[in-house]
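Quick notes on the structure that follows.
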Amino acid sequence: MSKYLLDKFLFTVDRDPELVERYREDPAGTVVWWEETMANRLLGAHTGEASTWLAFTDDERQALVEQDHVTLFGMGAHPFLTLTLFIALFERDHGPLEYQLAYGAAMTHLTLPYPDIST
């Protein structure tokens, strides 16, 4: 499992409006495409620089495809990254603050200690 890779996915998709829409409309295709083309690209590096070993586990991939922020948090994905991306994905389908409240309510069963979100 790579909390780094989960966070990298959430971060990079959230910062590109076209990727947000792609992920909203086709989560499975976006996750596969991103893993194949972006996962090993070094952020901030010159074109062509990449690593070769990063990949999602089956569980990580499934949680991303299902857009399951509770499971992602349980895996150590940073909650601010999931919240900002998921607001971009779903807030438009809800009234003011309705999505944010539902996001929080879905996590009320969690108790301390929370999963480690450090990378």
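The values are calculated or read from the model by the stated rules, or taken from the named source; none is laboratory data. Not measured: the values here are computed from a predicted model. Every residue, glycine among them, receives a Cβ derived from its backbone with ideal geometry; neighbour counts consider all protein chains shown.
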### Message
Could you go through region 66-82 and let me know if any residue there is part of a helix (DSSP H, G or I), among the charged types (D, E, K, R), closer than 25 Å to Leu5 by Cβ and modelled with pLDDT of 90 or more.
### Response
yes
#### Entry: Cβ pairs under 6 Å, 6+ apart, first in region 16-29 and without any contact (Cβ under 8 Å) to a residue 60 or more places away in the chain, second surrounded by 15 or more Cβ atoms within 10 Å (Cβ to Cβ)
Leu19/Val13; Arg22/Thr30; Pro27/Val65; Pro27/Gln67; Ala28/Val65
### Message
Looking at region 18-35, can you tell me whether even one residue there is at pLDDT below 95, of a type outside the set (Lys, Arg) and surrounded by fewer than 15 Cβ atoms within 10 Å (Cβ to Cβ)?
### Response
no
### Message
I need the full set of residues from region 54-69 which are surrounded by 14 or more Cβ atoms within 10 Å (Cβ to Cβ), within 11 Å of the chain's Cα centre (by Cα) and in contact (Cβ under 8 Å) with a residue 12 or more places away in the chain, in order please.
### Response
Glu60, Arg61, Ala63, Leu64, Val65, Gln67, His69
